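To keep things clear, I will list the structure first and then write my remarks on it.
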Amino acid sequence: MFTNGVFDLLHPGHVRYLSDARALGDALIVGVNSDRSVRAYKGPARPITPDVERAELLASLRSVDAVTVFDEDTPHALITAVQPDVLVKGADWGPENIVGRDVVEARGGAVVRVALAEDFSSTRLIDRVRGADQ
């Protein structure tokens with residue numbers, strides 16, 4: 001199985017999501033957006049945590065078997081290289097918007113959208129720390 005994301009400030013929502021993803025199969029590989037790709041996606045103030053540290057934190061989780069950092073704007077090339085049988089994304093992603101779906105489904109694999117834990121978000125956590133939600 002494969003999933004990807006920024007995972008900027010690791011929180012219980014991430015841990016639950018990765019645990020749910022891992023429960024779908026025998027091994028979970030996580031692609032982590034590089035610092036450059038996070039800035040391109042979320043703006044110049046992100047990420048808070050450098051990619052090597054985000055990868056180290058994720059690798060320490062029981063549910064994660066391997067972690068790799070990718071520098072492209074999307075994980076399409078990485079998914080093509082890994083060729084996972086199952087591609088996992090959060091249910092907040094529309095099926096048509098899931099990058100790599102074409103690769104996985106072309107070889108008979110499955111794309112699974114996992115429900116996200118409510119009330120957890122790195123952006124909300126950052127805003128709370130910065131005092132933006134007061």
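The values are calculated or read from the model by the stated rules, or taken from the named source; none is laboratory data. Note that the coordinates shown come from a computational prediction; the quantities given were computed from them, not determined experimentally. We place every Cβ from the backbone using ideal geometry, glycine too, and count neighbours over all the protein chains shown. We work out accessible area using only protein heavy atoms, side chains counted, and drop any ligands, DNA or RNA first. Shrake-Rupley method; radii C 1.70, N 1.55, O 1.52, S 1.80 Å.
At-a-glance table
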read-out	value
Three-way shape call for region 22-87 based on the alpha-carbon gyration tensor, with the a/c threshold at 1.5	oblate
Loop-resident sites, region 64-117, for GluC sites (Glu not before Pro), counting at most 16 other Cβ within 10 Å (DSSP)	Glu72
Karplus-derived HN-Hα couplings along region 3-20 (A = 6.51, B = -1.76, C = 1.60, θ = phi - 60°), whole Hz, x at Gly and Pro	9, 8, x, 7, 6, 5, 10, 4, 9, x, x, 5, 4, 5, 4, 5, 5, 5
Accessible carbon and sulfur surface of the chain relative to its total accessible area, %, 1.4 Å	50
Largest-first ordering by accessible area, 1.4 Å probe, given options Thr3, Thr80	Thr80, Thr3
Low-density loop cleavage sites - trypsin sites (Lys or Arg not before Pro) in region 75-134, where at most 16 other Cβ are within 10 Å (DSSP)	Arg107
Residue-averaged [θ]222 nm for the chain, counting only DSSP H segments that reach four residues, each worth -39500 (n - 2.57)	-10000 deg cm²/dmol
In Å², nearest 10: area of Arg54 left accessible to a 1.4 Å probe	0
Relative contact order [Cα under 8 Å, 6+ residues apart], the chain, whole percent	29
Computed over the chain, Cα set: Rg, Dmax in Å	14.5, 49
